[in-house]
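Taken together, the values in this text are just the output of simple stated rules run on the coordinates, not laboratory data. What you see is a predicted model, and the numbers here were worked out from it, not measured in a lab. Every residue, glycine among them, receives a Cβ derived from its backbone with ideal geometry; neighbour counts consider all protein chains shown.
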Amino acid sequence: MPKAFLIPTESCILKWFGYIVSKICLSTGCRWGETESLRAEQVTPHRLRFVRTKGNKVRTVPISK
């Protein structure tokens, strides 16, 4: 009998998203809204580039592994 694939529920996805956003906020000091608005092209292996900031300035934050 084949094993069933687990389909993530909406609440599971939201918990995971909240965990990732809070981890980025705590480790970089960035605001929740700035982190939520990140796009894939703004994330590189060693930096996060925030475009929508409180002061409407582009900001780059270095990150470690």
Taking the 0 to 90 degree range and rounding to the nearest ten, how far is the long axis of helix 10-28 tilted relative to the main principal axis of the chain, both from C-alpha atoms? 30 degrees
Answer with a single label: of (i) 15.0, 41; (ii) 15.3, 58; (iii) 22.9, 74, which was calculated as Rg and Dmax of the Cα atoms in Å from the structure in view? (ii)
Which of 55, 29, 18 moves the most in a Gaussian network model of the chain with Cα springs under 10 Å? 55
When the chain is modelled as a GNM with alpha-carbon springs shorter than 10 Å, which of 38, 26, 48 fluctuates the most? 26
Using r as the Cβ-Cβ distance of residue 23 and residue 47, and R0 as 22 Å, what FRET efficiency do you calculate, to the nearest 0.05? 0.85
Size of charge dipole - the chain - debye, nearest 20, with Cβ of Lys, Arg +1 and Asp, Glu -1, no other charges: 260 debye
Roughly how many nanometres apart are two label points built 7 Å out from the Cα toward the Cβ at residue 12 and residue 39? 3.0 nm
